[in-house]
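All remarks here apply to the structure that follows.
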Amino acid sequence: MKCGSCGEISEKWQYIRQMDSVALKGGRGSASMVQKCKLCARENSIG
Ligand SMILES: [Zn+2]
């Protein structure tokens, strides 16, 4: 998984949330999973 903001590649990011629906910052809809980059704190949606 690569961060879409700073390009950090890590298999162990700060956390992974898995929910039926997660509201994304910026109003871009929802995703089933969200990884948060530990470097820049960007939330990268998966699925
Ligand atoms: Zn990042």
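FYI, it's all coordinate maths here, none of it is from the lab. This is a predicted model, so every value here is computed, not measured. Don't worry about glycine lacking a Cβ; one is built from the backbone with ideal geometry, like all the others, and counts go over all protein chains shown.
Here are a few things to note about the model shown:
- Order by protection proxy (mean Cβ within 10 Å, highest first), peptides 3-10, 36-43: 36-43, 3-10
- Using a simple spin-label model with pseudo-atoms 7 Å out from Cα toward Cβ, ALA41 and GLU8 lie 1.2 nm apart.
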